[in-house]
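Trainee: Pasting in a structure now, in structure tokens, and then I'll have a few things to ask.
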Amino acid sequence: MKKTKIANELLKNTTNEYLKVFISNYISNMKFLEKGYDGDEKLCRFHNCITYIEQESFDITGWNLHEIPTFYAHCFRNNKKNQYFDLAVWDIGDVIPRYLDDDCCEKDAKSIQEAIDNYSV
């Protein structure tokens, strides 16, 4: 799935107005980000997430951007399936799938699917 399709699917399913504006801003700046623009760290980190989702060939259908609780964490949710996964971008360019365990501690995963499978809801 191309980055534009991924971003548009997230935009379609996201209900938080702030996040909708954020994703729309990302979409309008995507061509600059593809060329290496690094003037906005939040957009760069989100671009890293979209790139990771594309590289994993993860089907983002039905998923939304649920929240960005800290500068590095991007939380995604599928409302219909009540599933979650997080993508952490500590350093721009390095994406780590993550999940919350039963004690609400963040744990690294090897893939988005592993993060979904282990996420404690």
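Each value in this text was obtained by applying a stated rule to the coordinates, not by laboratory testing. What you see is a predicted model; the values in this text were computed from it and never measured. When we count neighbours, we look across all protein chains shown, and the Cβ atoms used for this are built from the backbone with ideal geometry, even at glycine.
Trainee: Which of Val21, Val89 comes first, and how do the rest follow, when ranked by fewest Cβ neighbours within 10 Å?
Mentor: So the ranking, lowest neighbour count to highest, is Val21, Val89.
Trainee: Who wins for biggest fluctuation among Thr15, Thr70, Thr51 in a Gaussian network model of the chain, springs between alpha carbons below 10 Å?
Mentor: Thr70
Trainee: Can you give the angle from 0 to 90° between the axis of helix 17-34 and the longest principal axis of the chain, with both taken from C-alpha atoms, to the nearest 10?
Mentor: Approximately 60 degrees, to the nearest ten.
Trainee: Can you compute the helix-only [θ] at 222 nm over the chain? Use -39500 (n - 2.57) per DSSP H run of at least 4 residues, normalise by all residues, nearest 500 deg cm²/dmol.
Mentor: When only DSSP H runs of four or more count, the value is -13500 deg cm²/dmol.
Trainee: What lysines sit close enough to Lys42 to cross-link, taking a C-alpha to C-alpha distance under 19 Å and skipping anything fewer than 8 places away on the same chain?
Mentor: Lys3, Lys20, Lys31
Trainee: Further, regarding this structure: Tell me, in nm to one decimal, what length is gained between Phe32 and Thr15 on full extension, where the rule is 0.36 nm per residue of separation less the Cα-Cα distance?
Mentor: 3.5 nm
Trainee: With 10 angstrom as the radius, rank Lys110, Lys12 by how many other C-beta atoms surround their C-beta, starting from the fewest.
Mentor: Values: Lys110 9, Lys12 13.
So the ranking, lowest neighbour count to highest, is Lys110, Lys12.
Trainee: Between (1) 22, 16, 13; (2) 30, 14, 11; (3) 58, 21, 13, which entry matches semi-axes √(5λ) of the Cα gyration tensor in Å as derived from the coordinates of this structure?
Mentor: (1)
Trainee: May I ask you to list the trypsin sites (Lys or Arg not before Pro) in segment 24-71 that are in a DSSP loop and have at most 15 other Cβ atoms within 10 Å of their Cβ?
Mentor: Lys35
Trainee: Would you mind ranking Lys81, Lys5 so that the residue whose beta carbon has the fewest other beta carbons within 10 Å leads the list?
Mentor: Going from least to most buried by this count: Lys81, Lys5.
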